[in-house]
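Q: Below you'll find the structure I mean.
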Amino acid sequence: MADCRFEHITKRFGSVVAVNDFNLTIADKEFVTLVGPSGCGKSTTLNLLAGLEDPSEGLIYIDDKVVNEVPSGKRDIAMVFQSYALYPHMRVRENIGFGLKVRGMPVDEIERRVQEAAGILGIEPLLDRRPRELSGGQRQRVALGRAITRDPKIFLLDEPLSNLDAKLRTQMRADLKLLFDRLGGTVVYVTHDQAEAMTLSDRVVVMRFGVVQQVGAPLDLYDDPDNMFVAGFLGNPSMNFIECDLERQGDQLRLRTGEVRWPLPLNSSGALAAQSNDSFVLGIRPEDITVGLMDELDPNTSVPCTVHLVEHMGALNVIYTDVAEQRVVATMESAFDARTGDPARLAFKVEKIHIFDPETSQKVRF
Ligand SMILES: Nc1ncnc2c1ncn2[C@@H]1O[C@H](COP(=O)(O)OP(=O)(O)OP(=O)(O)O)[C@@H](O)[C@H]1O
Ligand SMILES: [Mg+2]
């Protein structure tokens, strides 16, 4: 297994900058996920590491060796493509062993490795079928099997679950996690699905327009996003962003929207006072809000709202409310029976509030 490093990597396609000054060191046996919306440069970054694209600028290292000039086939990586790229005329056994055969491995060693991979992936009974006789999830396992048998330095996976239906996706996500924990390989994984990024990774790299927005452990990014993009991208339903204005009453600083004055973390005043702007965005995750009927929440620590819609999802209720003409979404496990238009109150976990500068979208740290 291996570590790898991107040093000031930029990739241009004509006038399009697909990847812009990308810097990242991936440790041996680390599972790193590149996540972001369509077109943000995830696949291009993966292809650069694979050697399928050449960088316009910068250096790529594998095990401290610059590999810019090393052809793809010599980088000792195995890639799983979104499309699986299985050979339709070959049986599963031959599909999995194909890369080894091309490399001239003896037949009995190929067979041993194919059996081993099939065992790990639970597809032994399928070895004599052809791809068209398999379900999407089974095909996906065959594509993984082909990567595993190679025993590469680095596994690269580009949206490997995106062809599956929601249920199978969740199941395969868990299977993948267990599989790579067991294999102990270095993995670079690409997805636009924030839930996959959150659940699979040791570290997540959030990208936008070819630029890295933030790198960190999933929960660190979730709890402490650097900017509004990262804050809004991770989590479902997304973090609420509430536009508000700074109000100074003597020494006291408040954030208000219309007539509503928001509760704020005690230690935020100094940071707010130091800002030059008067407009801010208050960020709060749905699970950090409690909704109650008028008499259920303390009026000193909660704000009035109007119920817009309640979605009962079984384990969770999603409650859409309006506060001073801003939509605020809350999720609660406990029952909340209210109808559209009902007056209610919202209480925030004050220590979970984030404040952003709307001009730069950066978090105001306090
Ligand atoms: N071969 C190419 N020629 C020209 N432009 C390209 C090429 N490959 C990618 N691009 C452009 O580079 C940008 C990044 O593309 P990339 O495929 O890396 O995005 P992505 O994050 O993988 O998106 P998706 O989630 O849709 O797969 C896009 O604007 C894309 O149009
Ligand atoms: Mg892509």
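Q: Taking PRO225 as the residue in question, decide whether it is surrounded by fewer than 22 Cβ atoms within 10 Å (Cβ to Cβ), more than 16 Å from ligand 2 (Cβ to nearest atom) and in contact (Cβ under 8 Å) with a residue 12 or more places away in the chain.
A: no
Q: Restricting to region 48-63, name every residue that is in contact (Cβ under 8 Å) with a residue 60 or more places away in the chain and of a type outside the set (A, V, I, L, M).
A: ASP63, the sole residue that qualifies.
Q: Let me ask you something else. Return the residue satisfying two criteria in turn: it lies in region 82-101 and is hydrophobic (A, V, I, L, M, F, W, C) and buried (at least 16 other Cβ atoms within 10 Å of the Cβ), and of such residues it is nearest to ligand 2 (Cβ to nearest atom).
A: Among residues in region 82-101 that are hydrophobic (A, V, I, L, M, F, W, C) and buried (at least 16 other Cβ atoms within 10 Å of the Cβ), the one nearest to ligand 2 (Cβ to nearest atom) is LEU86.
Q: What single numbered condition from (1) surrounded by fewer than 19 Cβ atoms within 10 Å (Cβ to Cβ); (2) farther than 30 Å from SER201 by Cα; (3) in contact (Cβ under 8 Å) with a residue 12 or more places away in the chain; (4) not charged (D, E, K, R) fails to hold for ALA274?
A: If we test ALA274 against (1) surrounded by fewer than 19 Cβ atoms within 10 Å (Cβ to Cβ); (2) farther than 30 Å from SER201 by Cα; (3) in contact (Cβ under 8 Å) with a residue 12 or more places away in the chain; (4) not charged (D, E, K, R), just (3) comes out false.
Q: Moving to a separate point now. Any idea how many residues of region 185-199 are within 9 Å of the chain's Cα centre (by Cα), away from ligand 2 (no atom under 16 Å from the Cβ) and in contact (Cβ under 8 Å) with a residue 40 or more places away in the chain?
A: Residues that pass the stated criteria total 1.
Q: Next up: Consider ARG182 carefully, then state whether it is away from ligand 2 (no atom under 16 Å from the Cβ), exposed (fewer than 15 other Cβ atoms within 10 Å of the Cβ) and in a helix (DSSP H, G or I).
A: Answer is yes for this residue.
Q: So, ARG173, is that one away from ligand 1 (no atom under 16 Å from the Cβ), in the same structural domain as ASP21 (by TED's automatic domain parsing) and surrounded by 15 or more Cβ atoms within 10 Å (Cβ to Cβ) or not?
A: In short, yes.
Q: For region 151-163, what are the residues that are more than 16 Å from ligand 1 (Cβ to nearest atom) and either out of contact with any Asp or Glu (no Cβ under 8 Å at 6 or more places or on another chain) or not assigned by TED's automatic domain parsing to the domain that holds PRO88 (or both)?
A: Answer for region 151-163, where residues must be more than 16 Å from ligand 1 (Cβ to nearest atom) and either out of contact with any Asp or Glu (no Cβ under 8 Å at 6 or more places or on another chain) or not assigned by TED's automatic domain parsing to the domain that holds PRO88 (or both): ASP151, PHE155.
Q: Within region 153-174, how many residues are more than 11 Å from LEU200 (Cβ to Cβ) and part of a helix (DSSP H, G or I)?
A: 6
Q: Give just the number: which of (1) surrounded by fewer than 15 Cβ atoms within 10 Å (Cβ to Cβ); (2) closer than 17 Å to MET239 by Cα; (3) of a type outside the set (Phe, Trp, Tyr) does ILE353 not satisfy?
A: Every condition holds for ILE353 apart from (1).
The values are calculated or read from the model by the stated rules, or taken from the named source; none is laboratory data. Nothing here was measured: the structure is a model prediction, and the numbers come from that model. Here the Cβ is made from the backbone with ideal geometry for all residues, glycine too, and neighbour counts use every protein chain on show.
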